[in-house]
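Below: the structure, in C-alpha cells.
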Amino acid sequence: MPFRRSRLRRLPASLLTLATATTTAVVITTAPAQAAVSPTDQAAAPSTSSEIPSGYYDPADGLSGEELKTALNGIIDDHTTLSYDQVWDALKDVDEDPANPDNVITVYSQLSLPKSSNGGDPDQWNREHTWAKSHGDFGTSAGPGTDIHHLMPEDVSVNSTRGNLDFDETTGSVDQCTGCGVDDDSFAPPAETRGDIARAMFYMAVRYEGTDSYVDLELNDQVDNGSAPYIGKLSVLKAWSEADPPSEFEINRNDKIYADWQGNRNPFVDHPEWVEEIW
C-alpha cells in the first residue's frame, strides 16, 4: 500500500470552554472568534515547527511583497552546498520512511522503496529536480542543482514521465503514480504532495535571486517555459499550497535539512501564509 503523509489538523474557528458550575450541572460557553490576521501582522503568525531557532526570521518581521522576499533571501542564502553525490545520502536521510528506516518515500508516486535501490534502472529511484534543472540550465552543479529543498526521491519511470514539464492541473494519467496527471505541457503530483511541490517552488524562487553566482529563478503564470529560468503555473501552485498544508513529514524534512545538511530552512513550510504576502 502506498505511504500517505499525515496532515496537520486545522483548529476550529472558535473554541468551546467547559466550566462546571456545580457537581450536577455543566455550563458550555463559546469563546469569541479571533479577529482575522491583517496582512501587516502575518509575518508574526505562529510557525508550523517548534525547531526554528529563536530569532531566525526576525529580519522578515512586519514585511510584505518584494521587501519580504528580499529579507527571506538574506536569511536562507549562503547555505552549505552539497555535491551531487552527497545528495544520495541526504535524500536517504531526509526522505526516510517513518515506518521503515531502510526505505525512502518517493514524492510523486508515494512509494516506499529501499534506500539501496537508488540508481537509473526501471523500478529504482533517482534524484528528481522538482524545479526542472533545464529551467534555468543549472544542471547538477553545486547550488540549485544540488539543493535538497527541491531535490526529492522518485521512481525512475515516473521521474522520466514528469521530465521538465511545468506544474498545472491535468487530466491525463501516469503509470505507477496514483493521483498524478500529465499532458503535453504540464504535470500534476497527487493531492497529498501538491503543497510540498508548491512550497519547494516558492523556496527556489526566493533562494535564487541572481544576487550571487547562481541563476535568478522566478515563478510565472504560464506553462511550456522551456529553458527559461521560470516555472509555472503560479496561480495553481498557490492553490495547491493552500489546499495541502505542511504535513508532519514535510515539517520534519525541513528540520533535518536545516540541522544536518544545508543549514537553511524553507520559509514557506515554516510560514505558509507568506505565499500570499509575496505573490
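The values are calculated or read from the model by the stated rules, or taken from the named source; none is laboratory data. The model shown is predicted, which means the values in this text are computed figures rather than measured ones. Reconstructed Cβ throughout: ideal geometry from the backbone, glycine too, with neighbour counts over all protein chains shown. We work out accessible area using only protein heavy atoms, side chains counted, and drop any ligands, DNA or RNA first. Shrake-Rupley method; radii C 1.70, N 1.55, O 1.52, S 1.80 Å.
Brief remarks on what is shown
- Within segment 126-153, residues that are in contact (Cβ under 8 Å) with a residue 60 or more places away in the chain reach partners that are among the charged types (D, E, K, R) and part of a loop (DSSP other than H, G, I, E, B) with beta carbons closer than 7 Å, at six or more positions or on different chains, in the pairs GLY145/LYS133; MET152/ASP95; PRO153/ASP95.
- Selection count, segment 181-200, where residues are without any contact (Cβ under 8 Å) to a residue 12 or more places away in the chain and either closer than 22 Å to ALA71 by Cα or crowded, with 18+ Cβ neighbours inside 10 Å (or both): 0
- The residues of segment 85-103 that are aliphatic (A, V, I, L, M) and under 19 Å from ALA259 (Cβ atoms), listed by number, are VAL87, ALA90, LEU91, VAL94.
- ASP224 vs. criteria open to solvent by 10 Å² or more (accessible area, probe 1.4 Å) and either closer than 20 Å to VAL182 by Cβ or among the acidic types (Asp, Glu) (or both): yes
- Every pair of residues 6+ apart whose Cβ atoms lie under 7 Å, when the first sits in segment 69-92 and is touching a residue at least 40 places away in the same chain (Cβ under 8 Å) while the second is surrounded by fewer than 18 Cβ atoms within 10 Å (Cβ to Cβ) and acidic (Asp, Glu): ASP77/ASP212
- Within segment 153-170, tally of residues that are in contact with a helix residue (DSSP H, G or I) (Cβ under 7 Å, 6 or more places away or on another chain) and not aromatic (Phe, Trp, Tyr): 3
- Residue within segment 63-85 that is over 18 Å from the mean Cα position of the chain (by Cα), over 27 Å from TYR214 (Cα atoms) and modelled with pLDDT of 95 or more present: no
- Answer from TYR203, TYR258 - the residue that is open to solvent by less than 20 Å² (accessible area, probe 1.4 Å), hydroxyl-bearing (Ser, Thr, Tyr) and not in a loop (DSSP other than H, G, I, E, B): TYR203
- Enumerated strands (runs of 3 or more DSSP E) restricted to segment 109-180, each holding at least 3 residues that are open to solvent by less than 20 Å² (accessible area, probe 1.4 Å): 125-129, 151-155
- For ASP102, the conditions (1) open to solvent by less than 20 Å² (accessible area, probe 1.4 Å); (2) touching a helix residue (DSSP H, G or I) at 6+ places or on another chain (Cβ under 7 Å) are fulfilled apart from (1).
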